Structures are given as C-alpha cells and as structure tokens.
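Inspection log for the structure reproduced underneath, given as structure tokens.
The values are calculated or read from the model by the stated rules, or taken from the named source; none is laboratory data. All of these numbers come straight from a predicted model, not from anything done at the bench. A quick note on method: Cβ atoms are made from the backbone with ideal geometry, for glycine too, and the neighbour counts reach across all protein chains shown.
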Amino acid sequence: MANNQPDSTDLELTEEERATYEWQIWVPDFGEQGQRRLKNASVLVTRCGGLGSVVAYELAAAGIGKLILAHGGQVKHSDLNRQLLMTHAGLGKSRVESARRRLLELNPRLQIEIVAENVNEQNVQSLVSQADVVVDCAPLFEERLLLNREIIAQRKPMVDCAMYELETHLTTIIPGQTPCLSCLYPEPPKMWRREFPVFGAVSGMVGCLGAMEAIKIIARFGETLAGKLATCDLRDMTFRTMTIQQDPNCPLCASLTR
C-alpha cells in the first residue's frame, strides 16, 4: 500500500469477472488493473441504512472483494423509504443479515463479514483493522468521531458521507495528507440526531458518490475529495466544493502533516 491507498493486484480476474465488469474496465485510467485492485480490496461500511446500503450495493456491483458491514438492530417500516437493501419481508429481522442476502444475490463472489452492532469503543479498532478503506455512514457524531480517531491511529483512508433533509455532505480523509473530521467539526452540530427528515433519493445520491470516492481511492485514478468538502442542496440543486482547513492544534491529525 502506498500513500495510504490500497494497491494490491494479487488476485487475477476470471473470465466471468471480465464479462461482468467489461463496461467499467473501459473507463480510461481504470482498466483491468483498477478492477484487480477492487477485487483485492476490503471496505468497511458503518451502518447499512439509507446511505450505507447504497454504498455497499454500488461497491458490490463494482466488484469489490470484501465488505465488512457494521449495523445493529432489526428492519423497521420507517427504514423502507431509503434503505435499499431492506425489504418488507425482512421486517423485524436483522438489518445486516438482510443486507448480506441482497448483496449476494447481486454478487455471489463477494466476501461479506457482518457485525450486528453499531461502531463503539469495543469494536472500532478491530473493524477498522480489517479494511483498506472505511466509508462512514453513521448518523450519530459519536460514531463518526470515533471512526475518525481510529482511522488516524491506523492510517486508513475514510470517506465520510452525511445527509439531512435535502442536503448532502461528502469528504475524504487521508491521514497524514488531509485535515480530519475533527478539524471540520470541532464540536458536533447541535441539530444532529438519530432520526431526521430525509428522502431516499437524497441518501441514494450521496451513497453513490461515497461509493465512487472509495472506488477512486482503491483503484488510484481520478481526483478524490481529499481535503475538500462537497455539498449539495437538492432543494435548489446548488452544488459547492470547498477546501477544508486543518486545525493546527488538532490533537489527532496536526502532528501527522507537519
């Protein structure tokens, strides 16, 4: 791994995989090498709800080798407007079990490890250690900041996805190269809470963008949002990308970039 980005191409593509991913292999600067990098990579997706279910689905569709899914609880009616890996038949059943079943229907070659827990102090180190890239889709800032601390400790890149109502936020953190989540949010926003207004189309949009960020990090092509924050307000289709400034006194990341 170089520059904190996965670069393994040990496992070759099968003929079935070449046929499945043919159209994306045609993408300039990606090619078969990029596809092999995806096959050899693992991604941790924290929460497979409105955001994470779309991230996981798009990564599975793209040919990622392994997904680690961490999400506690059972499927509820209120999940079904946006959590695309959940179904009416799965009501009352484990979210991660439902996610695994749906993902394997799409990509039976995919390795999936499920953890029926949300990220916490006891499991965060183990979860992050298994992944090349983390995609943070947690709705609670306690989880997001916990992941931020751990990816810096382990020098793992993280894509941070967020949404509220019709707004989306997306950034990529690469320890040693970019500011961290604590630089962007020194204090958790007061309006942030576990349940909030949102459309499934909004979570689906930012989930697709988050998956593409992870793909670019792993396959090492294109330009990521490292050190930048991309926002969108779908109420009036306003898109903005801004540079994030590092807090020179950040106790987590400032010493890594000096």
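Any chance segment 182-198 includes a residue that's out of contact with any Pro (no Cβ under 9 Å at 6 or more places or on another chain) and in a helix (DSSP H, G or I)?
Yes, that holds for at least one residue.
When residues of segment 232-253 are filtered for being surrounded by fewer than 16 Cβ atoms within 10 Å (Cβ to Cβ) and outside any loop (DSSP other than H, G, I, E, B), how many remain? Talk me through it step by step, then tell me what you get.
Step one: of segment 232-253, the residues surrounded by fewer than 16 Cβ atoms within 10 Å (Cβ to Cβ) are 233, 235-243, 245, 248-249, 251.
Subset that is outside any loop (DSSP other than H, G, I, E, B): 233, 238-243.
So the count comes out to 7.
Given the structure, is Cys137 surrounded by 15 or more Cβ atoms within 10 Å (Cβ to Cβ), under 14 Å from the mean Cα position of the chain (by Cα) and not aliphatic (A, V, I, L, M)? Break it down into steps so the answer makes sense when it comes.
Values: surrounded by 15 or more Cβ atoms within 10 Å (Cβ to Cβ): yes; under 14 Å from the mean Cα position of the chain (by Cα): yes; not aliphatic (A, V, I, L, M): yes.
Yes.
Just one of (1) at pLDDT below 95; (2) farther than 25 Å from Leu146 by Cα trips up Leu104, so point out which.
Looking at each condition in turn, Leu104 falls short on (1).
If the requirement is being surrounded by 20 or more Cβ atoms within 10 Å (Cβ to Cβ) and under 13 Å from Cys137 (Cβ atoms), which of these qualifies: Thr178, Thr172, Thr168? Give the derivation first.
Details: Thr178 fails: under 13 Å from Cys137 (Cβ atoms); Thr172 fails: under 13 Å from Cys137 (Cβ atoms).
The conditions single out Thr168.
Taking the condition of being of a type in the set (Ser, Thr, Tyr) and in contact (Cβ under 8 Å) with a residue 24 or more places away in the chain, how many residues in segment 117-135 meet it?
Within segment 117-135, the first condition is being of a type in the set (Ser, Thr, Tyr), and the residues that meet it are 126, 129.
Narrowing further to those that are in contact (Cβ under 8 Å) with a residue 24 or more places away in the chain: 129.
Summing the residues that are of a type in the set (Ser, Thr, Tyr) and in contact (Cβ under 8 Å) with a residue 24 or more places away in the chain in segment 117-135 gives 1.
Here are some residues: Phe221, Phe196. Which one is of a type in the set (Phe, Trp, Tyr), over 26 Å from Ile64 (Cβ atoms) and either touching a Phe, Trp or Tyr at 6+ places or on another chain (Cβ under 8 Å) or modelled with pLDDT under 95 (or both)?
Details: Phe221 fails: over 26 Å from Ile64 (Cβ atoms).
Only one candidate passes the filter, namely Phe196.
Checking Glu121 against (1) among the charged types (D, E, K, R); (2) more than 15 Å from Val45 (Cβ to Cβ); (3) modelled with pLDDT under 95, which test does it fail?
For Glu121, the failing item is (3).
Mind counting the residues in segment 63-116 that are without any contact (Cβ under 8 Å) to a residue 24 or more places away in the chain, within 24 Å of Leu11 (Cβ to Cβ) and in a helix (DSSP H, G or I)?
Total meeting the criteria: 2.
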